[in-house]
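Right, one structure below, let's go through it.
The values are calculated or read from the model by the stated rules, or taken from the named source; none is laboratory data. From a predicted model like this one, the values you see are computed outputs, not experimental measurements. So basically every Cβ, Gly included, is an ideal-geometry build from the backbone, and we count neighbours across all protein chains shown. What goes into the accessible areas is simple: the full protein's heavy atoms, side chains included, and nothing from ligands, DNA or RNA. Shrake-Rupley method; radii C 1.70, N 1.55, O 1.52, S 1.80 Å.
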Amino acid sequence: MNRDNDKGKVLIIRSLILGGVELFLLFLLVFRLYYLQVYQADKYATLADENRISTRLLVPPRGIIYDRHQQMLAGNRQNFQALMVAEQTTNVDDTLAAFQKIMPLSAEEEKRIRKDLKKNRSFVPVKIKDNLSWEEATQILLNAPDLPGIIIDEGLSRYYPYGDMFAHVVGYVSAVSEGDIRDDPLLEVPGFKIGKSGIEKLYDQDLRGKAGNQKLEVNAVGRIMKEIEREDGIAGKSVELSLDVRLQRKAYELLGNESGAIVLMNVKTGELLAFASAPAFDPNMFTNGLSSEEWNVLQNNEKNPLLNKAVSGLYSPGSTFKMVVALAALESGIIDRQSRSFCAGKMVLGNHTFHCWKDIGHGYLDVVQALQHSCDIFFYETAQKLGINRIAEMARRFGLGVRTNIGIENEKSGLIPNTEWKLKRFGEPWQQGESIISGIGQGYILVTPVQLATMTARIANGGYEVYPTFRKMTDGRALNLKSLNVSPQHVETVRQGMYDVVNASGGTAVMSGFSFKGQKMAGKTGTTQVRRISMKERQSGVLEQDELPWKYRNHAVFVGYAPYENPKYAVAVLVEHGGSGSSVAAPIGGKILKYALELDDTNQPVD
């Protein structure tokens, strides 16, 4: 009997324990439900919305690039593109075939389309063709019954109204590549384009703007049901440059079919007014997408249209370097304004003969006359007395062999050699003959056209450290320019020589001079060899440039400024394999300087 009572008590205790556990578990369940529904309600409501709502970035309009007179150099234009939604057509092949009857597709385009259709879900639009005109888009819409699944989407694409004229300076935009730094969510947007060269790249962050947001309601598989909310982005900032469309156009007209560069700048502010490199390319091709055939044509052109010759082309300055040698000699006391030297047409050092360009020689000359007639012998002898180190120091002071840091990519520093460089580069000491040939801007010396323009501007403004810039100066003048610590009298002596080059009888550029309402220019010609002339050629006189293959002809160089009194503009002209600086480059320099003065005088409106 007691045993039965004990069993009953055990069962009761067990029942109570089990009931307690069940009550505890029930309490935990109720508490958990209460916690989730009350305390975590906002969190799970948000998660539910995130499954229902898709947020997408909206690409803002890219900022506009203007010249100094508010002429648009790079802007945006309406762009139509044809898209295909695969689930809306019964047969993709038939739709594509019908589309090609209206608008042909290349083999590359068709390959890309089929790849995208295979990769994306059937409800995701795939680009068929973009950069369509309004007429082309209308033609597709009119044939909509025969093109099931084809839709027209409207957006903005980058547009360069002046084509190749500003290609190297304004640059272009292109799709984001794997190597681009992804510091902006916009870079993740499919098809988003960023600045790849020129001003587009230099000011890319400002030009991009700020992305907007679009909230869309989507179903379980991601199909868009409706737009819930939209916040447009902030358009990119506009950029106003120092360039002048009229002067840039003139520079390209003057270069014509030649290969070369023209840099025109303000000698007091450094503002770059024309910055031309020819031949060039149409940047709109990069925006629209280059075909492999188009790319090969650009790359295989011997005149290298992809190279920005103004900052990346390296050339011997030739006789335009003689101003630097003259300044170094005057500053060091090797010569003075009255020093005279005799040119017999050649000079001998050891077993080597150095020739002047004028076989019979120039006779006795002072430094101004030596610049006027571009006498090689005068500068051979002066450079030999100076030594390369003093020449190099003066060259760098005037901006040669030093990057200007104007912001355009691939700018070259050039080369101004000295004894230390020669020893380090070749493990050999500097030779006197190398100083002699450096005296006329040949040998190891290499500079860029923008450096030549900078040198000329610093001579023209009296010896002040002006730097080239694409930024427009609102007050039209630069303050507190640093002096180069060169005697004003010595600078004036060189300026007089440059004046006589253009305006005095026998000057090498006298045929290119002008007088516009009493305003004249000063300058210096240069002709640089790209190959050594053999003694046989020199003796036979077979030196006609037109008879040589293009790549073996001399480069033509000219630097100048105007007006001579109170200078404002400096120019550097480089014509690759153009032949003579006097007959080819100097006329170009004179014409663009005169045109700049005419624009100032007439205040001609920009068309």
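Annotations
- Pairwise centroid distance, computed over Cα atoms, of the stretch 355-417 with the stretch 112-185, Å: 52
- Taking every alpha-carbon pair in the stretch 272-323 and binning the separations at 10 Å intervals from zero gives 20, 40, 27, 10, 4 percent.
- Nearest-0.05 FRET efficiency for Glu293 and Asn131, computed from C-beta distance (R0 25 Å): 0.90
- Over all directions, the projected convex hull of the C-alpha atoms in the stretch 222-308 averages 10.7 nm² in area.
- Phi-derived couplings, Karplus 6.51 cos²θ - 1.76 cosθ + 1.60 at θ = phi - 60°, listed residue by residue for the stretch 506-523: x, x, 5, 10, 5, 6, 9, x, 8, 9, 9, 6, x, 8, 10, 10, 10, x Hz, with x used for Gly and Pro.
- Peptides 513-519, 127-133, 374-380, 401-407 ranked from most to least packed by the mean count of surrounding Cβ atoms within 10 Å: 374-380, 127-133, 401-407, 513-519.
- Taking the longest Cα principal axis of the chain as reference, the axis of helix 2-34 is set at about 40 degrees.
- Surface accessible to a 1.4 Å probe, per residue, for the residues of the chain, Å²: 50
- Dipole axis of the chain (+1 Lys, Arg; -1 Asp, Glu on Cβ), positive-most option in Val21, Pro488, Ile64: Pro488
- Here the ratio of the Cα radius of gyration of the stretch 381-447 to 2.2 N^0.38 Å is 1.16.
- Full-stretch length increase - Thr474, Thr138 - with 0.36 nm per residue and alpha-carbon distance subtracted: 116.4 nm
- Computed over the stretch 61-154, relative contact order equals 44 percent, with contacts defined as Cα pairs under 8 Å that lie 6+ residues apart.
- Amide N proximity, the stretch 113-133 versus Glu154 label position 7 Å along Cα-to-Cβ, cut-off under 18 Å: 130-133
- Highest-first arrangement of 241-248, 257-264, where packing means the average Cβ count within 10 Å: 257-264, 241-248
- Packing-based order for 481-492, 150-161, using average beta carbon neighbours within 10 Å, highest first: 150-161, 481-492
- Helix 41-52 axis, angle to the chain major axis (alpha carbon atoms, nearest 10°): 60
- FRET efficiency, 1/(1 + (r/R0)^6) with R0 60 Å, evaluated for Ala504 and Asp206 via beta carbons: 0.75
- Label separation (Asn405 vs Leu423): 2.9 nm, computed from points 7 Å beyond Cα along the C-beta direction.
- For the stretch 409-529, a simple Cβ point-charge model (Lys and Arg +1, Asp and Glu -1, everything else neutral) yields a dipole of about 340 debye relative to the Cα centre.
- Pairs of Cα atoms nearer than 8 Å and 6+ residues apart set the relative contact order; for the chain it is 13 percent.
- On the stretch 316-413, 45 percent of the accessible area sits on carbon and sulfur atoms, based on a 1.4 Å probe.
- Between the residues Leu330, Leu446, Leu255, the greatest Cα displacement towards the positive end of the dipole of the chain, with unit charges on the Cβ of Lys, Arg, Asp and Glu, is found for Leu330.
- Rg over Rh [alpha-carbon atoms, Kirkwood Rh] for the stretch 423-534: 1.03
- Rounded percent of accessible protein surface that carbon and sulfur make up, the stretch 243-314, 1.4 Å probe: 45
- Under a model in which nothing but the beta-carbon of Lys, Arg (+1) and Asp, Glu (-1) is charged, the chain shows a dipole of about 1360 debye around its Cα centre.
- Antiparallel content of DSSP bridges confined to the chain, in %, to 5: 95
- Potential lengthening between Leu25 and Ile12 on full extension [0.36 nm per residue; Cα-Cα distance subtracted]: 2.7 nm
- Based on every Cα atom in the chain, Rg and the maximum pairwise Cα distance Dmax equal 35.8, 150 Å.
- In a fully extended conformation the segment linking Asn300 and Lys385 would gain 26.1 nm over its present Cα-Cα distance, using 0.36 nm per residue.
- Accessible area in the full protein assembly, largest first, 1.4 Å probe, for His352, His168: His352, His168
- Here's the picture: charge each Lys and Arg Cβ at +1 and each Asp and Glu Cβ at -1 in the chain, and of Gly387, Thr269, Phe166 the one pushed furthest to the positive end of that dipole is Gly387.
- Calculated [θ] (222 nm, deg cm²/dmol) that DSSP helices of n ≥ 4 give over the chain, each run adding -39,500 (n - 2.57): -11000 deg cm²/dmol
- Rounded tilt (10° steps) of 322-332 against the dominant C-alpha axis of the chain: 70
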